[in-house]
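Enquirer: My questions all concern the structure below.
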Amino acid sequence: MPNLASLATEARNPLSEHLDELPTLSLLGLINDEDATIAAAVRAELPHIALAVDAIAERFHHGGRLFYIGAGTSGRLGVLDASECPPTFSVPSTLVQGLIAGGDRALRLSSEHSEDSPEEGAEDLIAAGFTELDTLVGIAASGRTPYVLGALARARVLGALTISLACVPHSEIAAAADIAIAPSTGPEVLTGSTRLKAGTATKLVLNMISTAVMVRTGAVFGNLMVNVKPTNAKLVDRAQRIIMAATACDQPTAAHLLEAAGHSVKTAIVMQKLSLDRPAAESRLAAAHGVLRTALA
């Protein structure tokens, strides 16, 4: 067991040593002040995040998938980001997957003992069907969770791409990964509670990774979610507004295009901008591997 007391995420924050004596407004102000430091910590890691995004996107083009793995808060945040990719970008639920120590039950109920087994990390990864084509992002605020280390070791044996996300520099998981991302968030307001600053930094980085990878692989046109599937009234309205924004048409025209395109936003946009019928528009998109900007070029 490493000396956990030496980790910045476990250290006492001198600014909050009298946290329980503060008036509520001052207490909240202190938390907010500490939160304000997180964006700078993440910005310092942008070069490493960019490396990760481009490497993941390249693997997507060759049939690879993205897996997040972690324990406790780190695992829950990975599962959250993975679960939001299908509704946001209309990708299969298998493309981005989140694994957590203790299984899905640990999403609601604490299963902290599960994080101490590197063997379980490796076993859970293999049980999920992980292959050498895939990418594994190992998440651990402290940078030393055995469950995550076991999964990273197994992924490297397979020859997959490995990425670490920790909130301390020079961590064990960084040494076990091909690309290391490490926003240094420092001591928490509540000593050792890494669901606070470390958790927020982790969420920011995961937001960046999944969003940027989807941009790089053609799920976005400008800043529009053109992969959206209009499966309810809200999403039908959004799909129509996306078509209007991309083609400068009015709402009735967008509604007609969406119907004529078989409820495919991308197809509707190609039909309108290039004056094509649905089969021709679908053929052009297929030739462009689904990348709308390429199809329109």
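Enquirer: Among the candidates Phe67, Phe60, which residue alone is over 13 Å from the mean Cα position of the chain (by Cα), among the aromatic types (Phe, Trp, Tyr) and buried (at least 20 other Cβ atoms within 10 Å of the Cβ)?
Expert: Step by step, each of Phe67, Phe60 is checked, and only Phe60 is over 13 Å from the mean Cα position of the chain (by Cα), among the aromatic types (Phe, Trp, Tyr) and buried (at least 20 other Cβ atoms within 10 Å of the Cβ).
Enquirer: Answer yes if at least one residue in segment 85-104 is over 14 Å from the mean Cα position of the chain (by Cα) and assigned to a helix (DSSP H, G or I), and no otherwise.
Expert: yes
Enquirer: Look at segment 25-46 and say how many of its residues are surrounded by fewer than 19 Cβ atoms within 10 Å (Cβ to Cβ) and assigned to a loop (DSSP other than H, G, I, E, B).
Expert: Total satisfying the criteria: 3.
Enquirer: Is it the case that Pro252 is out of contact with any Cys (no Cβ under 8 Å at 6 or more places or on another chain), free of Cβ contacts under 8 Å to residues at least 60 places away in the same chain and surrounded by fewer than 16 Cβ atoms within 10 Å (Cβ to Cβ)?
Expert: When the stated conditions are applied, Pro252 passes them.
Enquirer: Restricting attention to segment 269-297, which residues are small (Gly, Ala, Ser), part of a loop (DSSP other than H, G, I, E, B) and either buried (at least 19 other Cβ atoms within 10 Å of the Cβ) or in contact with a Ser or Thr (Cβ under 9 Å, 6 or more places away or on another chain) (or both)?
Expert: Once the filter is applied, which keeps residues that are small (Gly, Ala, Ser), part of a loop (DSSP other than H, G, I, E, B) and either buried (at least 19 other Cβ atoms within 10 Å of the Cβ) or in contact with a Ser or Thr (Cβ under 9 Å, 6 or more places away or on another chain) (or both), segment 269-297 yields Ala288, Gly290.
Enquirer: Further question: In contact with a Ser or Thr (Cβ under 6 Å, 6 or more places away or on another chain), modelled with pLDDT of 95 or more and surrounded by 16 or more Cβ atoms within 10 Å (Cβ to Cβ): is that true of Ala160 in this structure?
Expert: Considered against the rule, which asks whether it is in contact with a Ser or Thr (Cβ under 6 Å, 6 or more places away or on another chain), modelled with pLDDT of 95 or more and surrounded by 16 or more Cβ atoms within 10 Å (Cβ to Cβ), Ala160 comes out as no.
Enquirer: If you scan segment 180-216, which residues turn out to be within 13 Å of Val53 (Cβ to Cβ) and surrounded by fewer than 20 Cβ atoms within 10 Å (Cβ to Cβ)?
Expert: Once the filter is applied, which keeps residues that are within 13 Å of Val53 (Cβ to Cβ) and surrounded by fewer than 20 Cβ atoms within 10 Å (Cβ to Cβ), segment 180-216 yields Asn207, Met208, Thr211, Ala212, Val215, Arg216.
Enquirer: Also, quick follow-up: Do we find a residue being under 18 Å from the mean Cα position of the chain (by Cα) and under 21 Å from Ser93 (Cβ atoms) anywhere in segment 178-189?
Expert: Within segment 178-189, not a single residue is under 18 Å from the mean Cα position of the chain (by Cα) and under 21 Å from Ser93 (Cβ atoms).
Enquirer: From the set of residues in segment 115-157 that are of a type in the set (Val, Ile, Thr) and not in a loop (DSSP other than H, G, I, E, B), which is surrounded by the fewest Cβ atoms within 10 Å (Cβ to Cβ)?
Expert: Result: Val157.
Enquirer: Kindly indicate which of Ile56, Ile49 is in contact with a Ser or Thr (Cβ under 8 Å, 6 or more places away or on another chain) and assigned to a helix (DSSP H, G or I).
Expert: Ile56
The values are calculated or read from the model by the stated rules, or taken from the named source; none is laboratory data. The shown structure was predicted, so the numbers you read here are calculated from the model rather than taken from an experiment. As a convention, Cβ positions derive from the backbone with ideal geometry for all residues, glycine included, and neighbour counts pool all protein chains shown.
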